[in-house]
Structures are given as C-alpha cells and as structure tokens.
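Scroll down for the structure; my scribbles are underneath it.
The values are calculated or read from the model by the stated rules, or taken from the named source; none is laboratory data. Quick caveat: nothing in here was measured; it's all calculated off a predicted structure. All Cβ positions, even for glycine, are placed from backbone atoms using ideal geometry, and neighbour counts span all protein chains on display.
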Amino acid sequence: MVTCLLIAVSFPHALEDFHYGDLLRLGIPASITYALLATAYALQLIGIALTLRGSASGVVLLGVMGAVWCLGAVFVHGRDLLFAGAGYRHGMISRALESLIIVLGMFAAALAVRLRVTATA
C-alpha cells in the first residue's frame, strides 16, 4: 500500500520535474530521465508482485526503491523545500508532493527493514 501511494504521488511530481527540467539541470538527458522513471516504476511493480507472492526479495526491492525515491527527492529538491520562496513551482502542491515522496520513500524503506528483521527473528 505504501508503494502504491508512493507511485501515485511521484507520477504527477515527475511530470512537474519534466516540465521544469530539473534533471536536465543536473545534466541528465530527457531520454535517460524517462527510462529511469519507467525502470523505477517497473521495479516497484515487480516488488509488489513478488511481495504478494510471499517473496522476501519483493520486500527488499520495495525497500530499496523507497530509499531511492526518498534520497533522490532530498538530493534534487531538499534545498528548494527549505529555501525556495512562495513562488516556487506550484506553491504548496509542489512542496506537498516532494515532501510526501520523501516521507513515503523513507516509510517504505523502514517498513522493509522492519519486515525483514521480523521475518528472520
């Protein structure tokens, strides 16, 4: 469920990133950006499928992808979240999406660690 929420929140935010050229600013071409996004979603869907089948590797994959989303959002948007003025992008909507990606990604990673620790205990 956490990963489904993360996908739902990250998709409109990714569209916003494409619009503002955030990854282009970091030197990542648009074609690679699209491929990275598609790969991230594919890995998350595979992780969901594996988890639903009871595979521990699915939980690990979802945790890793949660960490990637969290750390990526902090790296790309952390400074803006802290210091950008009221005219930043689409205002509170943009900040909310970025904050939710960070929180949901962190929660997915922490939940995966918790599930793996519990499963091995």
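Is it the case that the stretch 63-71 has a residue that's at pLDDT 90 or above, β-branched (Val, Ile, Thr) and closer than 23 Å to Ser94 by Cβ?
Residues of the stretch 63-71 at pLDDT 90 or above: 63-71.
Then keep just the ones that are β-branched (Val, Ile, Thr); that gives 64, 68.
Now narrow it down to the ones that are closer than 23 Å to Ser94 by Cβ: 68.
Scanning the stretch 63-71, I find at least one residue that is at pLDDT 90 or above, β-branched (Val, Ile, Thr) and closer than 23 Å to Ser94 by Cβ, so the answer is yes.
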Can you pull out the residues in the stretch 7-55 that are of a type in the set (Phe, Trp, Tyr) and within 20 Å of Arg95 (Cα to Cα)? Phe11, Phe18, Tyr20
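Which residue, of Tyr34, Tyr41, is of a type in the set (Ser, Thr, Tyr), surrounded by fewer than 18 Cβ atoms within 10 Å (Cβ to Cβ), out of contact with any strand residue (DSSP E or B) (no Cβ under 6 Å at 6 or more places or on another chain) and over 24 Å from Val103 (Cβ atoms)?
Tyr34
Would you say Ala49 is modelled with pLDDT of 95 or more, out of contact with any Leu (no Cβ under 9 Å at 6 or more places or on another chain) and under 19 Å from Leu97 (Cα atoms)? Walk me through how you get there before you give the answer.
Working: modelled with pLDDT of 95 or more: yes; out of contact with any Leu (no Cβ under 9 Å at 6 or more places or on another chain): yes; under 19 Å from Leu97 (Cα atoms): no.
When the stated conditions are applied, Ala49 does not pass them.
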Among the residues of the stretch 25-37, is any free of Cβ contacts under 8 Å to residues at least 40 places away in the same chain, part of a helix (DSSP H, G or I), of a type in the set (Phe, Trp, Tyr) and closer than 30 Å to Thr120 by Cα? no
Scan the stretch 80-102 residue by residue and report those that are part of a helix (DSSP H, G or I), in contact with a helix residue (DSSP H, G or I) (Cβ under 8 Å, 6 or more places away or on another chain) and either surrounded by 16 or more Cβ atoms within 10 Å (Cβ to Cβ) or not acidic (Asp, Glu) (or both). Leu81, Ser94, Arg95, Leu97, Glu98, Ser99, Leu100, Ile101, Ile102
What pairs come up if the first residue lies in the stretch 4-21 and is within 21 Å of Met106 (Cα to Cα), the second is assigned to a helix (DSSP H, G or I) and of a type in the set (Asp, Glu), and their beta carbons are under 7 Å apart, counting only those six or more places apart or on different chains? His13/Glu98
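Test of understanding: among Leu37, Leu97, Leu45, Leu81, which residue is closer than 24 Å to Ala119 by Cα and not β-branched (Val, Ile, Thr)?
Numbers: Leu37 fails: closer than 24 Å to Ala119 by Cα; Leu97 fails: closer than 24 Å to Ala119 by Cα; Leu81 fails: closer than 24 Å to Ala119 by Cα.
Within the list Leu37, Leu97, Leu45, Leu81, the selection yields Leu45.
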If you check every pair at least six apart or on different chains, which have Cβ atoms under 8 Å apart with a residue in the stretch 50-79 that is surrounded by fewer than 17 Cβ atoms within 10 Å (Cβ to Cβ) first and a residue that is of a type in the set (Lys, Arg) second? Ala56/Arg116
